[in-house]
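Q: The structure is given below, and queries will be raised subsequently.
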Protein chains: 2
Amino acid sequence: MEKFFDPRSVVIVGASNAPFNLGATICNMLKDYLVYSGAVYAVNSKGESVNGYPGYPSVLDLPETPDLAVIIVAARHVPGIIRDCAQKGIKRIIIESAGFSEEGEAGKAMQREIDDIARANGIRLLGPNCLGSLSTRNRFCCFYGVNPSLVELNQIFEAPGGVSYIIQSGGVAVLVMESLYYDLVGINKVVSIGNKCDVDEADLIDYFQNDATEVIGIYMENISDGRKLMESARRSRKPVLIYKAGRTKEGAQAAMSHTAGMAGNDLIFDSACRQSGIIRLASIDELHTLPKMFSEMPPLKGKRIAAFTNTGAFGTIAADLLVDAGLQMVRLAPQTQERLKKAGQVFNTRNPVDIGPAPPQTYLDIFEVLLSADEVDGLLPLLSVWQPFVIDCLLELLKMCRHYEKPAAIYTPNAVAKSISIRAKHCIPIFETPEQAVRALAVSQTYYQSLIKRNL
Amino acid sequence: MEKFFDPRSVVIVGASNAPFNLGATICNMLKDYLVYSGAVYAVNSKGESVNGYPGYPSVLDLPETPDLAVIIVAARHVPGIIRDCAQKGIKRIIIESAGFSEEGEAGKAMQREIDDIARANGIRLLGPNCLGSLSTRNRFCCFYGVNPSLVELNQIFEAPGGVSYIIQSGGVAVLVMESLYYDLVGINKVVSIGNKCDVDEADLIDYFQNDATEVIGIYMENISDGRKLMESARRSRKPVLIYKAGRTKEGAQAAMSHTAGMAGNDLIFDSACRQSGIIRLASIDELHTLPKMFSEMPPLKGKRIAAFTNTGAFGTIAADLLVDAGLQMVRLAPQTQERLKKAGQVFNTRNPVDIGPAPPQTYLDIFEVLLSADEVDGLLPLLSVWQPFVIDCLLELLKMCRHYEKPAAIYTPNAVAKSISIRAKHCIPIFETPEQAVRALAVSQTYYQSLIKRNL
């Protein structure tokens, strides 16, 4: 599987100098943008070179057998090219072309043909109808159509991280990558699997157990082999977050025209997720908002949460949301309340703890009192950044959370744009809404329980 | 009521030159920041002037009877001051001080005392335990503690709009104002009502019928007079959006310590909202995300929605969300699909309409075809801004929506920070998530139905 993400040599079949050629966009990105260190070849009918990469009229003419072939030509040419690849001894192929099982019977037959050739020759296939693979640490990416002027792309490669994504749709992959640049966690790998005639999400979950991945995010429209997915998820020692579109009849119909496959029964999928420890996401943006809770914070080992706010009303909102999410507003012990009183400026020493204008030390004392209290499993700080020192206090909080092995889901009741900029500038895992923060606590707890249930 | 927002003269009781004096922050804002055109007086024990505004030891010493008194002193001094105000003939008083019915029996007794004096003298009271009032068009604001270095505050006054807020908690008021600066709609008035011993949300809904208000947003922790609120809402010809915290037992307890009052039965409130046309908000951020749907778009008159995306997967997501929200994925008529085919580059002419890379005219043609189709009540465009021309197309869409009197809830599958900046720069009502966009359509439909039911 490694060679899909870290090939030492790759051929782009279909890259040419014709206007609007999609294969050329891959060559340009590898050459000018990523300065990819491996060998790159182009295959096109004229055998012309593309942006300095040598070109050949056929895969059979290549001077070596590349680790990976990326195919981006009209669907009808693909079976022939796969045969050439097989003859050349290429064992890893990404088919980015569309026009297969998502487009009726003829396409389905062609997909079966490809599949047969691959299987007979020990070839692993990614796609068809996909965007390909990306690996930040290896500076490899074979996504087509990427506009290299995107500042975000550069950031993604400059600051690699621990989230790996398996995404059926290219558009969602682009959104998630762009969003994560404004969030806290960096990307390890991204792979778009399209119609997944061979490699599927389960294979990739297994593969991500043994690389720099810390969290796995998945966007799916259909599941080809439910049992296989559940088994790989059950084995996974890294959190698996899945957003599945096509829940409703109407959504499933829309998915049919977009990627091939049936959406399956949503209730069955839901219970399978619970059994195998998969975290099922409630909205597409959770794919990029939730990973930071796993990469930056210890897991939530119990359900008892203390809320702490400098903006009174948010204590009330927090209490509602915690209860809705199945967590508990912890009843603080008398000695904890006693210690809070000593911190000074505390309006309310019961949960939610509520303070007025106070100096930094009051914030730090309250963090310390709450995190060290036996009755508290985790923190929900709802702290408006009304003075810059609140940011410094939050940075201290991160350290304390690691020390006490209890998480905090931080929400800053400021405009989202401001919270995003504080998050990016100071590397603080800030959630954009109180709902997101409470959800992160609930998900962390569920994940912790599933680890225990799965004996991991 | 007008004089709470547009006084020709105001006295700030409790403003002094002592360090950290809160009354002084109001004087500073009026003088240096808002350049408020009315007369301002300060009252403090020394009778000293504050930032150039003349000072007096008592309200009784003022050279005129001001339209409005703003009181911000320790609670125990308030009853005496109210008596002075009554004697001076002042008829409008805002009590910003805390320490009344939210703080036990002694506070409650004091609040009753104040109330009695006011009633006997025909005085209308706002508060106690509140932040006061703000009117963008009159450049008046008596919020205390505002940091005048906030860039946002300036923007709020420079670009007035049609949203008026009634907000029980000061912290929420500040968040909503800050957030709206990054959203699309401007503010008309903001009022924080605190313990609402006299003026309450119902009085203000009535008042907002006759000013520049287009949408009313309300944040509440408790309802003092449910019947009165429902009656004013039923009469309202402007949308009333309410977020109510303290839904759960735990939330209601938290609210008790923060503002006074019982949260009441949530189910009863929910059904009362439906009966009186109140739009009940699901999260605090809807207070600033939803108004643009009312100020920028015609109402949604039916439930049949056409989705249109240039990022395939979002059609699937849209279909799921529309069905969840009780709306319908419209089945496009054969002649509509025929016209869509002519627009070119359309992958899927059934709903959701799905296009690949296409020139601007294709976007415009599709908008036109869908909005003019009889079977379509509204649009859900899920259009990634992959090229700047998409922004121009969205600007054209706004005009077309007004022409066809059908709304579009626009979502751009880009990073939230990017969508926010496009929204602000080009004045396009872009929602931050597909969930928000679908919710806006559902709310618009519910509101339209309630107008008909209420014969408005």
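The values are calculated or read from the model by the stated rules, or taken from the named source; none is laboratory data. All of these numbers come straight from a predicted model, not from anything done at the bench. All Cβ positions, even for glycine, are placed from backbone atoms using ideal geometry, and neighbour counts span all protein chains on display. Ligands, DNA and RNA are excluded from the accessible area calculation, which covers all protein heavy atoms including side chains. Shrake-Rupley method; radii C 1.70, N 1.55, O 1.52, S 1.80 Å.
Q: Are any of the pairs A:Lys3/A:Lys189; A:Lys418/B:Lys196; A:Lys189/A:Lys303; A:Lys249/B:Lys292; A:Lys3/A:Lys244; A:Lys3/A:Lys31 more than 21 Å apart by Cα-Cα distance, and if so, which?
A: A:Lys418/B:Lys196; A:Lys189/A:Lys303; A:Lys249/B:Lys292; A:Lys3/A:Lys244
Q: While we're here: Across the residues of B:172-183, average count of Cβ atoms on other protein chains within 10 Å?
A: If you average over the peptide's residues, the count of other-chain Cβ atoms is 4.
Q: Further question on the same structure: For segment B:277-336, report the % of Cα-Cα distances exceeding 13 Å.
A: Beyond 13 Å sits 74 percent of the P(r) for segment B:277-336.
Q: If you don't mind, there's one more thing I want to ask. With a sphere of radius 13 Å drawn around the Cβ of B:Val73, what net charge do the other residues whose Cβ falls strictly inside it have (Lys, Arg +1; Asp, Glu -1)?
A: -1
Q: How well do other chains shield peptide B:234-245, expressed as the mean number of their Cβ atoms within 10 Å of each residue Cβ?
A: 1
Q: Can you give the Rg to Rh ratio of segment A:1-95, both from alpha-carbon atoms, with Rh computed by the Kirkwood formula?
A: 0.92
Q: What is the dipole size for segment B:1-111, taken about its Cα centre, with +1 at each Lys and Arg Cβ and -1 at each Asp and Glu Cβ, in debye to the nearest 20?
A: Dipole about the Cα centre, nearest 20: 180 debye.
Q: Considering the dipole of chain A built from charges on the beta carbon (Lys and Arg +1, Asp and Glu -1) around the Cα centre, which of A:Thr136, A:Ala442, A:Ala373 is farthest to its positive end?
A: A:Ala373
Q: Let me check I have the definition right: for the protein assembly as shown, take the eigenvalues of the Cα gyration tensor, multiply each by 5, take square roots. What are those semi-axes in whole Å, largest first?
A: For the protein assembly as shown, the ellipsoid semi-axes come out as 56, 30, 24 Å.
Q: Suppose each label sits 7 Å from its Cα in the direction of the beta carbon; what would the A:Leu364-A:Leu456 distance come out to in nanometres?
A: For the pair A:Leu364/A:Leu456, the computed spacing is 3.8 nm.
Q: Still on this structure, I have one more. What's the average, rounded to a whole number, of partner chain beta-carbon atoms within 10 Å of each residue's beta-carbon in B:272-284?
A: Average per residue, whole number: 1.
Q: Residues of segment A:318-332 with the amide nitrogen closer than 16 Å to a label point 7 Å from the Cα of B:Lys249, along Cα-to-Cβ, please.
A: Only A:319-332 pass the distance filter.
Q: Quick one: buried accessible area between A and B, total over both chains, 1.4 angstrom probe, nearest 100 Å²?
A: 3800 Å²
Q: Please sort by residue number the trypsin sites (Lys or Arg not before Pro) in segment B:321-403 whose DSSP state is loop and whose Cβ has at most 14 other Cβ atoms within 10 Å.
A: B:Arg331
Q: Return the calculated 222 nm mean residue ellipticity for chain B, to the nearest 500 deg cm²/dmol, obtained by summing -39500 (n - 2.57) across DSSP H runs with n ≥ 4 and dividing by the residue count.
A: The helix-only estimate for chain B comes to -12500 deg cm²/dmol at 222 nm.
Q: Take every Cα-Cα pair in segment A:76-137 and report what % of them are more than 16 Å apart.
A: The share of Cα pairs beyond 16 Å in segment A:76-137 comes to 42 percent.
Q: Something else about it: Give me the distance between the Cα centres of segment A:292-371 and segment B:125-142, rounded to whole Å.
A: Here the two parts' Cα centres lie 31 Å apart.
Q: Turning to a different aspect of this structure: Work out the charge dipole of segment B:327-416 with +1 on the Cβ of Lys and Arg and -1 on the Cβ of Asp and Glu about the Cα centre, then indicate which of B:Pro334, B:Leu382, B:Thr412 is farthest towards its positive end.
A: Going by the Cα projections, it comes out as B:Pro334.
Q: For A:Glu375 paired with B:Arg227, estimate the spin-label separation in nm (one decimal), with each label point 7 Å from Cα along the Cα-to-Cβ line.
A: Here the answer is 4.2 nm between the modelled labels.
Q: Right, next: Rounded to two decimals, what ratio of Rg to Rh does chain B give with C-alpha atoms and a Kirkwood Rh?
A: With Rh from the inverse mean 1/r over Cα pairs, Rg/Rh is 1.05.
Q: Taking the Cα centre of segment B:269-388 as the origin, how large is its charge dipole in debye, to the nearest 20, when only Lys and Arg (+1) and Asp and Glu (-1) carry charge on their Cβ atoms?
A: About 220 debye.
Q: Find how much the distance from A:Val35 to A:Asp211 grows on full extension, using 0.36 nm per residue of separation minus their present alpha carbon separation; answer in nm with one decimal.
A: Gain on stretching A:Val35 to A:Asp211: 61.1 nm.
Q: Heavy-atom accessible surface, probe 1.4 Å, ligands and DNA/RNA ignored: which residues of segment B:345-362 lose at least 50 Å² versus the isolated chain?
A: Relative to the lone chain, where solvent access is computed with a 1.4 Å probe, segment B:345-362 loses at least 50 Å² at no residue.
Q: Further, regarding this structure: With +1 assigned to the C-beta of every Lys and Arg and -1 to the C-beta of every Asp and Glu, and no other charges, what is the dipole magnitude of chain B about the Cα centre in debye, to the nearest 20?
A: 820 debye
Q: Moving on. Sorted from largest down, what three extents in whole angstroms do the Cα atoms of segment A:72-224 have along their principal axes?
A: In descending order, the Cα extents are 44, 31, 30 Å.
Q: Then there's this: Pick out, from B:Cys273, B:Gly217, B:Tyr207, the residue whose Cα sits farthest towards the positive end of the charge dipole of segment B:173-318, with +1 on the Cβ of Lys and Arg and -1 on the Cβ of Asp and Glu.
A: Positive-most Cα among the choices belongs to B:Cys273.
Q: For segment B:317-410, count the residues as N, evaluate 2.2 N^0.38 Å, and divide the Cα radius of gyration by that value, please.
A: It is 1.02.
Q: First compute the accessible area of segment A:113-223 with a 1.4 Å probe, then give the percent of it belonging to carbon and sulfur atoms.
A: 45 percent
Q: For the protein assembly as shown, report the accessible area per residue in Å² (1.4 Å probe, heavy atoms, rounded to an integer).
A: Result: 36 Å² per residue.
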